[in-house]
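Asker: Structure in structure tokens, see below.
The values are calculated or read from the model by the stated rules, or taken from the named source; none is laboratory data. Fair warning: this is a prediction, and the values are worked out from it, not measured in the lab. Cβ atoms come from the backbone with ideal geometry, glycine included; neighbour counts cover every protein chain shown.
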Amino acid sequence: MVVGNLSALKKNAISRVVAAVIVVVIIIVAAAAAVVLSTSKTTTSTTTTPTSSVSSSSVSSVTSSVTSSSSVASVTSTSSAKNLVVDDYQWPVDNLNQLYAISYLPWPNWLEGAVYQSLVDVNVSAQQKLGQQTFVPDLARNWTVSPNGETYTFTLASGIKFSDGTPFNAYAVWTDFYMLYYLGANASTFWGSLSIFNTSRVVFGPATLAMINQSGIVNPSSQLLAIMSNSSWPAYAPNANTIVFNMAYPFIFFLNTFSGYEGEVFDPMYVLEHGGLGTPVAINGYFNFNPIPGTGPYTVSNVVPESSVTFVRNSNYWGENLTAAQVAANPMIDPGHYQTILVKNVPDDTSRYIDLSTGAAQIVALFTSNLQLAQSNPNYGLALLNYPAAMVQLSLNNAKFPTNITLVRQAIVHAINYTAVIDASGFGEGVPVMGPETINYGAYYDPGNFTPYQYNVSLAEQDLAKAGFANGTGLPTLSLWDDQSDATFMLPGAEIIQADLAAIGIQVSIQELDSTAYYAPYGSYQTNLQNAASIPSLLIGAAFEPDYLAPTDYWTAFVTNASNWGNWEIYNNPIVDQAVAFLAHSNNQTAVLQQLKLAQQQIYNDAPVAWLFDAKLILTGGTYAYNKHNVGGFYLDPNLGGVTQPPILNTVYPPAS
């Protein structure tokens, strides 16, 4: 899920809309199979080895890497005295306000990992070796899962503080959880659009927030403790070191949801001491440029709105003395290698390339011709994905004439030359796909074993004639929207689609809109249905990337009426809704896949979307190039751009000395 590029439809996609995207993907720096620190440090963390993993072995592991013209084995870090400058291509949507996590914003979230951490992290090394996704402790020391799969109990590490000095404990996690619930308008699906919690007994609002503000979370009052330890609520804290989550159903992907927006922990007391949450429709804007403290290795020291953010080392960081082995096991908790990191918003692509070539920046996002220049320069390394990673699609308005007619949609999906679209929009780096899932999800992708829609002009003409519109007679000109900020990859594909549809008599008018207008009518499925008349017949540019790492993400977001974000085509079918609900409510994989097979048959026949391709490049924010003389490597967002596009700042390390 994104303002302005590939994930355009994703995060840019909206300011206030919840995105749901799924792809189990882990990004690891090829330059280092494990990050090896040059100096051994004393261990003070209570982090332990992983005790939980995704139970389904069918969830496949996919890796990508930072590559260059020469292969690099392990990298040894040098001193932490240097400064780092990163040029990104845009300013984050919704600024730096972590409260928008409920809507999968801000995006790109430059603070991911460096400022905000989760209870658990993806175990990158294990996934690469074992071919399945497992998790390692971060702010949690360990966890257990009940035999019925409905209760997750986390024991938290002690001695951790937020960067402002406020102690981190289970009461902070509890408060964060219910703050997001409140900002999600008390909807039971506030957590990743999933109906996995029974919130019927929860009473949380201004009165509770006032009580927390008065009592604090270090030593809560007896009255507040009674609420926090109420086991009839979906999340409760029996003590300061334990947080328990009760599922309404045996949801086997719960750990996956922590790898994303809602799983990132922030200091709730700072929120209450600086004006509070605001309301679900008017979130407190103070935190737009005054980021809420986190537990990570960096803190924000300066913000120049729309221009830059300065990160400095967090003197309260709990992982400052982690050993090399601990960091290698979980690179996301790396204490960092630079004293100061400056991330700049540099909208002009050529200016970013000049910054890289002059040394004004060490890592920059690049597109098209400038990316090709960097690729040909042996001094630069590129963050290239070696596998298809994000869904790019053409959404067809299922609630508006004439794309509300199944045969018209079938004609459209068969009229498109997908190979030409991949060459033009995906720079040749894409794979035909049959949605709604991506191929990275193993058994959860294409359970019905359908062939992706094929370019077949004769079949398209037949479908159009059967619909009563032979040669396009009787059809209005269809409007196709394109986000002009994504023109480098969206417009070429749009023009090919325009020509392909004209060949069967369907006339298309391409409208390039700025991001604000492009996303204006979109929101939840119900919002989209209400705004159907304002939504174009065709919408291109959705390069969706995971906001949390579970297959429920794409299935829920793209094709159900439970979608809080992503169902741009306004598609709904009870067979599909039932199957996707079952996916989130059962740990019986065989039964789940049978349900999804039926759902996919329905989707294939209904053709609500022209699934264009799975992208191999990070098209949304450009591919990140770095000077190998200044940077040894880095890790990217485990959600493959779903949370942020630039490198995870605390994992960027200097080259080997």
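For every residue, the table says whether it meets (1) in contact with a strand residue (DSSP E or B) (Cβ under 8 Å, 6 or more places away or on another chain); (2) of a type outside the set (Gly, Ala, Ser); (3) at pLDDT 95 or above.
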position: Val508; (1), (2), (3): yes, yes, yes
position: Gln511; (1), (2), (3): yes, yes, yes
position: Ala520; (1), (2), (3): no, no, no
position: Asn531; (1), (2), (3): no, yes, yes
position: Ser534; (1), (2), (3): no, no, yes
position: Ala542; (1), (2), (3): yes, no, no
position: Asp547; (1), (2), (3): no, yes, no
position: Ala550; (1), (2), (3): no, no, no
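Asker: Okay, moving on. Report every pair of residues separated by at least 6 positions or lying on different chains whose Cβ atoms are under 7 Å apart, first residue within segment 81-93 and under 12 Å from Thr340 (Cβ atoms), second surrounded by fewer than 20 Cβ atoms within 10 Å (Cβ to Cβ) and among the polar types (S, T, N, Q).
Answerer: Sorted first by the residue in segment 81-93, then by its partner, the pairs are Ala81/Gln339; Asn83/Gln339; Asn83/Thr340.
Asker: Collect the residues in segment 289-322 that are in a loop (DSSP other than H, G, I, E, B), surrounded by fewer than 18 Cβ atoms within 10 Å (Cβ to Cβ) and modelled with pLDDT of 95 or more, keeping them in residue-number order.
Answerer: Across segment 289-322, the qualifying residues are Phe289, Asn290, Pro305, Glu306, Ser307.
Asker: Using beta carbons and a limit of 8 Å, which pairs, at least six apart or on different chains, have the first residue in segment 201-212 and surrounded by 12 or more Cβ atoms within 10 Å (Cβ to Cβ) and the second one at pLDDT 95 or above and small (Gly, Ala, Ser)?
Answerer: Within 8 Å, the pairs are Leu209/Gly276; Met211/Ser221.
Asker: To continue, here is another question. Can you give me the number of residues within segment 340-356 that are at pLDDT 95 or above and either buried (at least 17 other Cβ atoms within 10 Å of the Cβ) or within 19 Å of Ser163 (Cβ to Cβ) (or both)?
Answerer: Within segment 340-356, residues that are at pLDDT 95 or above and either buried (at least 17 other Cβ atoms within 10 Å of the Cβ) or within 19 Å of Ser163 (Cβ to Cβ) (or both) number 11.
Asker: Separate question: Identify all residues within segment 249-288 that are of a type in the set (Val, Ile, Thr), outside any strand (DSSP E or B) and surrounded by fewer than 18 Cβ atoms within 10 Å (Cβ to Cβ); write none if there are none.
Answerer: The one that is of a type in the set (Val, Ile, Thr), outside any strand (DSSP E or B) and surrounded by fewer than 18 Cβ atoms within 10 Å (Cβ to Cβ): Val281.
Conditions tested, residue by residue: (1) closer than 20 Å to Pro638 by Cα; (2) touching a helix residue (DSSP H, G or I) at 6+ places or on another chain (Cβ under 8 Å).
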residue: Gly285; (1), (2): no, no
residue: Asn288; (1), (2): no, no
residue: Val312; (1), (2): no, no
residue: Asn316; (1), (2): no, no
residue: Thr323; (1), (2): no, no
residue: Pro331; (1), (2): yes, yes
residue: Thr358; (1), (2): no, no
residue: Gln362; (1), (2): no, yes
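Asker: Among the listed residues Ala599, Ala591, identify the single one that is surrounded by 24 or more Cβ atoms within 10 Å (Cβ to Cβ), outside the structural domain of Lys344 (by TED's automatic domain parsing), small (Gly, Ala, Ser) and at pLDDT 95 or above.
Answerer: Matching residue, one of Ala599, Ala591: Ala599.
Asker: Continuing with this model, one more query. Quick one: which helices (runs of 4 or more DSSP H) sit completely within segment 110-216 and have at least 3 residues that are modelled with pLDDT under 95 and out of contact with any Cys (no Cβ under 7 Å at 6 or more places or on another chain)?
Answerer: 124-130
Asker: Scan Ala415, Ala383 and give me the residue that is in contact with an Asp or Glu (Cβ under 7 Å, 6 or more places away or on another chain) and crowded, with 24+ Cβ neighbours inside 10 Å.
Answerer: Only one candidate passes the filter, namely Ala415.
Asker: Another question, if that's okay. Of all the residues that make up segment 555-575, how many are within 20 Å of Trp611 (Cβ to Cβ) and more than 23 Å from the chain's Cα centre (by Cα)?
Answerer: Of the residues in segment 555-575, 3 are within 20 Å of Trp611 (Cβ to Cβ) and more than 23 Å from the chain's Cα centre (by Cα).
Asker: Ser479 passes all but one of (1) crowded, with 18+ Cβ neighbours inside 10 Å; (2) farther than 17 Å from Gln410 by Cβ; (3) of a type in the set (Ser, Thr, Tyr); which number fails?
Answerer: Result: Ser479 fails condition (1) only.
Asker: Give the number of residues within segment 588-603 that are among the small types (Gly, Ala, Ser) and farther than 17 Å from Pro574 by Cβ.
Answerer: Going through segment 588-603 one residue at a time, the tally reaches 1.
Asker: Could you grab me the full set of residues in segment 578-588 that are buried (at least 17 other Cβ atoms within 10 Å of the Cβ) and in a helix (DSSP H, G or I)?
Answerer: Ala579, Val580, Ala581, Phe582, Leu583
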